[in-house]
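The values are calculated or read from the model by the stated rules, or taken from the named source; none is laboratory data. For clarity, every value in this text was computed on a predicted model and none was experimentally measured. Here the Cβ positions follow ideal geometry from the backbone for every residue, glycine too, while neighbour counts run over all protein chains shown. Accessible surface is based on the protein model in full, side chains and every heavy atom, while ligands, DNA and RNA are left aside. Shrake-Rupley method; radii C 1.70, N 1.55, O 1.52, S 1.80 Å.
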Amino acid sequence: MFKVQTRGLILELTMARAPVNAVNREWIDGFEAILDDLARQRDISVLLIRSSQRIFSAGADLKLMRDCFATEDGPGRMIETVRRMQRLFDRIEALPQVVVAEIGGAAHGGGFELALACDLRVAAESAPLGLPEARLGLLPGAGGTQRLSRLAGPGVARRLILMAEVITGAQARDLGLVQWAVPDDQLTAFANSVADRIAALSPAALAACKHCFSAIDAPIGSGMLIELLETHKLFN
């Protein structure tokens, strides 16, 4: 389901649940276990997330949804799964390590919400990205409405979510949803170069910067106080 390898200060996490890296309870358990192990490692400053499948991730497992709704408390069981996805993506966003998503294929629904929880995103120019849940009578409930709005603004978020629009990696770059879009055959090399460049920086400084970023929605005085506290820690 996952393959993990360490390259210097970089932990490469490859999602490998054929055929589309669908998210189910076991997938969440496996990802959580990797993050538990990462928390015990002091020499990792970058988490690089990629896929071995032709799709980055298609989001929630439809079989899981069918199985849940075959029970008396189907909505309640599905809500618990969505809540677990929210917690997982929140945890990824809060990691002290810099998290890079390498999006080489379609990232839909929960798969795109996973990418939105990462610090940096590099996509293949042709990769389809979107939150098309409205086509199924649903909404992107694992942080999609919130993170997309904060990242690209409410106008872009409303356009993509309310129209269930799927765009390419190149279009996503133009809208500010990914930082880079590169030719498909250059994606892995480019993502590796991004991770390598970050790994050459101070892990403590990177973690401090991420803590400051977490306050961008607070009043500016709160964020500046965190800057002072983190700067003091780095001086020490």
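Brief remarks on what is shown
- Pairs linking a residue in the range 90-102 that is under 13 Å from S45 (Cα atoms) to a residue that is among the charged types (D, E, K, R) and part of a helix (DSSP H, G or I), with Cβ atoms under 8 Å and 6 or more positions apart or on different chains, are L95/K210; P96/K210; V98/K210; V99/E93.
- Taking the criterion of being modelled with pLDDT of 90 or more and more than 22 Å from E32 (Cα to Cα), the only residue of the range 52-75 that qualifies is R54.
- For the range 178-210, a residue qualifies if it is free of Cβ contacts under 8 Å to residues at least 60 places away in the same chain, in a helix (DSSP H, G or I) and either among the charged types (D, E, K, R) or open to solvent by 80 Å² or more (accessible area, probe 1.4 Å) (or both), and the qualifying residues are D185, Q186, R197.
- When R159, R147, R91 are screened for being under 11 Å from the mean Cα position of the chain (by Cα), assigned to a helix (DSSP H, G or I) and farther than 26 Å from A18 by Cα, only R147 passes.
- Qualifying positions in the range 121-137 - of a type in the set (A, V, I, L, M), closer than 18 Å to D61 by Cβ and modelled with pLDDT of 95 or more: L131
- Of all residues assigned to the range 161-170, none qualifies as being of a type outside the set (F, W, Y), within 27 Å of P96 (Cα to Cα), in contact with a Gly (Cβ under 7 Å, 6 or more places away or on another chain) and modelled with pLDDT of 95 or more.
- Filtering the range 161-176 for residues that are exposed (fewer than 13 other Cβ atoms within 10 Å of the Cβ) and under 20 Å from E93 (Cβ atoms) leaves a non-empty set.
- Considered as a group, the residues in the range 205-236 that are modelled with pLDDT of 95 or more and among the small types (G, A, S) include one that is farthest from L95 (Cα to Cα), and that residue is A205.
- Of all residues making up the range 126-155, the number that are open to solvent by 30 Å² or more (accessible area, probe 1.4 Å) and of a type outside the set (G, A, S): 10
- One residue stands out in the range 73-101 among those that are in contact with a strand residue (DSSP E or B) (Cβ under 7 Å, 6 or more places away or on another chain) and farther than 19 Å from E26 by Cβ: the one that is surrounded by the fewest Cβ atoms within 10 Å (Cβ to Cβ), namely L95.
- Those residues of the range 3-43 which are out of contact with any Lys or Arg (no Cβ under 8 Å at 6 or more places or on another chain), surrounded by 15 or more Cβ atoms within 10 Å (Cβ to Cβ) and assigned to a strand (DSSP E or B), in sequence order: I10, L11, V23
- Subset of the range 44-72 [farther than 26 Å from V4 by Cα and either open to solvent by less than 30 Å² (accessible area, probe 1.4 Å) or part of a strand (DSSP E or B) (or both)]: C68
- Residues of the range 183-236 satisfying the condition of being over 18 Å from D119 (Cβ atoms) and β-branched (V, I, T): T188, I220, T231
- Tally, over the range 1-19, of residues that are modelled with pLDDT of 95 or more and touching a Phe, Trp or Tyr at 6+ places or on another chain (Cβ under 9 Å): 6
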